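Engineer: Pasting in a structure now, in structure tokens, and then I'll have a few things to ask.
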Amino acid sequence: MKKLPSCSLVTPTYNWPQALELLLLSIMNQSILPNEVIIADDGSKENTKQLIADFQKKFPVPLIHIWQEDVKNRKPRIMNKAIAAANYEYIVEIDGDIIMNNHFVEDHLTFAEKGHYLFGSRVNIQKPLLPELFSKKIIHFNLFSKGIKKRGRTIRFPFLMNFAKSLTKRSSKLRGCNMSFWRADFIKVNGFNEDLVGWGIDDSEMIQRLHNIGIKGKRLKYAGIANHIYHQEQSKSQLEINNEIERLTTENKLTFIEKGINQYL
């Protein structure tokens, strides 16, 4: 058996402690635990801080809370700070509104490969299930669970990953809520671009720079299963500006940005 990399699981959060609680419960239920968990908090209020403090008393690995002042959406900045503070070689990135299958971390580490990053898909937990989801603290889903969409994505059959192909181009199926990469590769391209503000593009723009230095992607299918909790869409008012930044990154084959993780290393 190959030696699995050491890893930091990093998750952004913002003022949704109910969802964060289910994510943290699903981390505690993992078949293989990450070496540490870092919560990248973009300015949540006291109730999120208290939730994290309560979990820190019983968590099986170090649970680190990195907070910044709430000044609109600055996810790239807080994620850079969190990954700068990470102590381990491999980064698993998961959104704060995800409930992980109990083999999620194991799958990301098993299929981690030098010169590659991984990205997975998600099962959608629908709005009508939310009252029961939060009251019963549901963290287990399968093909027959009620209240979900894309239920075929609940099927785990990791053997099929042995036939996964390396991708030289960024996939349109990339979702930042479920991906992993080598910390050294992330630092090489200077992490997330802090010129991106508001919702969207930060993950895919960073991944494009990884491709520009020759890193390839692999899509996790039938492995790395993530269940996404329904929420209203965020404002896309900055999307046009962010799309233009990503277009220039792609066309000009940019490999390094000015405002990135180097500010915190």
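Engineer: Go over the candidates PHE186, PHE141 one by one and state the one that is under 26 Å from ASN212 (Cβ atoms) and not polar (S, T, N, Q).
Structural biologist: Testing whether each residue is under 26 Å from ASN212 (Cβ atoms) and not polar (S, T, N, Q) leaves just PHE186.
Engineer: A further question follows. Tell me whether region 75-94 contains one or more residues that are among the hydrophobic types (A, V, I, L, M, F, W, C) and farther than 21 Å from MET179 by Cβ.
Structural biologist: Taking every residue of region 75-94 in turn, none turns out to be among the hydrophobic types (A, V, I, L, M, F, W, C) and farther than 21 Å from MET179 by Cβ.
Engineer: Could you figure out which of (1) out of contact with any helix residue (DSSP H, G or I) (no Cβ under 9 Å at 6 or more places or on another chain); (2) in contact (Cβ under 8 Å) with a residue 60 or more places away in the chain isn't true of ASN243?
Structural biologist: Every listed condition holds for ASN243 apart from (2).
Engineer: If you check ILE215, ILE155, which single one turns out to be touching a Gly at 6+ places or on another chain (Cβ under 9 Å) and at pLDDT 95 or above? Don't jump to the end; show me each part of the working.
Structural biologist: Numbers: ILE155 fails: touching a Gly at 6+ places or on another chain (Cβ under 9 Å).
Going through ILE215, ILE155 in turn, just one is touching a Gly at 6+ places or on another chain (Cβ under 9 Å) and at pLDDT 95 or above: ILE215.
Engineer: Only helices (runs of 4 or more DSSP H) wholly contained in region 151-265 count here; list those with 3 or more residues that are more than 25 Å from ILE27 (Cα to Cα) and over 20 Å from the mean Cα position of the chain (by Cα).
Structural biologist: Output list reads 239-251.
Engineer: Every residue in region 1-44 that is hydroxyl-bearing (Ser, Thr, Tyr) and either modelled with pLDDT under 95 or over 24 Å from PHE141 (Cα atoms) (or both), please.
Structural biologist: Of everything in region 1-44, those that are hydroxyl-bearing (Ser, Thr, Tyr) and either modelled with pLDDT under 95 or over 24 Å from PHE141 (Cα atoms) (or both) turn out to be SER6, SER8, TYR14, SER44.
Engineer: Are any residues in region 237-255 of a type in the set (D, E, K, R) and either crowded, with 16+ Cβ neighbours inside 10 Å or on the phi < 0 side of the Ramachandran plot (or both), and if so, which ones?
Structural biologist: The answer is GLU240, GLU244, GLU246, ARG247, GLU251.
The values are calculated or read from the model by the stated rules, or taken from the named source; none is laboratory data. For clarity, every value in this text was computed on a predicted model and none was experimentally measured. Don't worry about glycine lacking a Cβ; one is built from the backbone with ideal geometry, like all the others, and counts go over all protein chains shown.
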